[in-house]
Amino acid sequence: MTLTEAARWRRVMVRPVLESFARADGVDAVMMSGSSARGDADQWSDVEVGVFWQRPPSERERLAAAELAGAVDVRLVSDVEAPPPWYDHLYLREARPNGLMIEVAHMLTTDVESALDGVLVSGRPDDAGMVLIKGILDGRDPIGPRAELVAEWKERAAAYPRDLAIAVVQHNGNIEKFWRLRMLVDRDNPFLLAREFVRIAGQLLIVLHALNGQYCGAHPLSFKRLDTIERDLSLAPPSLASRLRAVFTEPATEGAQVLRDLVEETFDLVECHLPEVDVNLLRTTFRSSRKPLDSPD
């Protein structure tokens with residue numbers, strides 16, 4: 001991947017934040033993640049930082065590390081009573097909203113280990129665990145007293161378990177009530193129609209990521225860059241990015257047909273590359289329909 005200029009200078013800007021938290025008492029490791037770590041950040045991108053603690057940090061410790069890093073504005077999004085991870089928003093150069101935002105996620109090292117076991121050993125398609133693993137695999141520049149932990153986690157997560165892929169596809173490939181799109185077109189309800197388009201397209205993308213052995217979250221924000229997704233998914237319907245855009249930009253009936261075709265083509269790929277999945281069952285659910293009732297006759 002070609003490193004964007006936006007990613008290059010963000011990596012430089014975030015370095016004092018990484019170093020400040022790495023010096024805090026009780027921290028095992030710190031790393032950068034997200035688009036700046038991957039190298040495809042743009043002018044709108046924030047920077048994500050993971051801080052892995054031996055014990056829960058106090059608000060005072062979080063604030064002190066942020067101030068030592070030169071943050072001009074600090075927002076503790078999660079208080080100490082909330083369950084981990086705990087989030088902070090730090091702003092560099094300028095205060096909110098125009099400064100460079102650094103989203104810091106504080107996690108316990110033991111919780112990371114448990115999440116890895118849950119997803120990789122138990123094969124549970126847990127959304128939070130999948131997002132965490134995605135962040136670790138994207139991560140770079142780990143520092144701290146036990147920075148080698150990040151490399152160990154990356155090695156553990158490098159191979160996407162086939163049992164996990166089967167579980168993810170079986171769950172998210174169960175795309176129900178596609179017939180609702182016709183109902184919402186007839187009702188001229190673009191708000192609910194858009195919501196259904198997002199739901200179905202999201203399930204489709206989760207299936208494709210699992211089929212390709214790639215981790216992703218279930219939230220729509222997991223799919224920020226459609227062109228990057230198309231580039232990274234070797235097993236996918238052709239022209240995936242442009243066709244997904246067409247779902248939302250073409251007239252509703254045409255958009256629904258594009259989405260229908262994408263789902264059917266994805267099922268073809270699952271049938272070929274993950275035969276353990278009962279694709280006939282998924283197709284039956286997807287193709288189920290309901291007739292509009294104009295009269296009792």
Q: Among the candidates ASP261, ASP227, ASP268, single out the residue that is under 23 Å from PRO125 (Cβ atoms), acidic (Asp, Glu) and not assigned by TED's automatic domain parsing to the domain that holds GLY34.
A: ASP268
Q) Hey, among the residues in segment 88-106 that are in contact with a Leu (Cβ under 8 Å, 6 or more places away or on another chain) and over 19 Å from ASP42 (Cβ atoms), which one's surrounded by the most Cβ atoms within 10 Å (Cβ to Cβ)? A) VAL104
Q: Please verify whether segment 187-203 includes one or more residues that are in the same structural domain as ALA24 (by TED's automatic domain parsing) and of a type in the set (Asp, Glu).
A: no
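Given the criteria under 25 Å from the mean Cα position of the chain (by Cα) and of a type in the set (Val, Ile, Thr), does VAL72 qualify?
Against the criterion (under 25 Å from the mean Cα position of the chain (by Cα) and of a type in the set (Val, Ile, Thr)), VAL72 does not qualify.
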Q. Which one of these does GLY34 not meet: (1) modelled with pLDDT under 95; (2) surrounded by fewer than 21 Cβ atoms within 10 Å (Cβ to Cβ)?
A. (2)
Q: Among the residues of segment 83-114, count how many are free of Cβ contacts under 8 Å to residues at least 60 places away in the same chain, in a helix (DSSP H, G or I) and under 15 Å from ILE133 (Cβ atoms).
A: 3
Q: Answer yes or no as to whether SER239 is farther than 26 Å from ASP163 by Cα and in contact (Cβ under 8 Å) with a residue 40 or more places away in the chain.
A: no
Q) Across segment 118-158, which residue is surrounded by the fewest Cβ atoms within 10 Å (Cβ to Cβ) among those that are closer than 23 Å to LEU274 by Cα and free of Cβ contacts under 8 Å to residues at least 40 places away in the same chain? A) ALA158
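Report yes if ILE206 is surrounded by 18 or more Cβ atoms within 10 Å (Cβ to Cβ) and touching a Phe, Trp or Tyr at 6+ places or on another chain (Cβ under 8 Å), otherwise no.
So ILE206 fails the test.
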Q: Give the residue that is nearest to LEU262 (Cα to Cα), with candidates limited to residues of segment 202-236 that are of a type in the set (S, T, N, Q) and free of Cβ contacts under 8 Å to residues at least 40 places away in the same chain.
A: GLN203
Q) Can you find even one residue in segment 164-181 that is of a type in the set (Asp, Glu), surrounded by fewer than 15 Cβ atoms within 10 Å (Cβ to Cβ) and out of contact with any Ser or Thr (no Cβ under 8 Å at 6 or more places or on another chain)? A) no
Q.
Can you tell me which of (1) buried (at least 20 other Cβ atoms within 10 Å of the Cβ); (2) in contact with a strand residue (DSSP E or B) (Cβ under 8 Å, 6 or more places away or on another chain); (3) assigned to a helix (DSSP H, G or I) is the one MET13 doesn't meet?
A. (1)
Q: Identify the residue in segment 216-248 that is among the hydroxyl-bearing types (Ser, Thr, Tyr) and at pLDDT below 95 and, among all such residues, is surrounded by the most Cβ atoms within 10 Å (Cβ to Cβ).
A: SER222
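The values are calculated or read from the model by the stated rules, or taken from the named source; none is laboratory data. Owing to the predicted nature of the structure, the values given are computational and were not obtained by experimental measurement. Glycine gets a Cβ as well: all are built from the backbone with ideal geometry, and neighbour counts include every protein chain shown.
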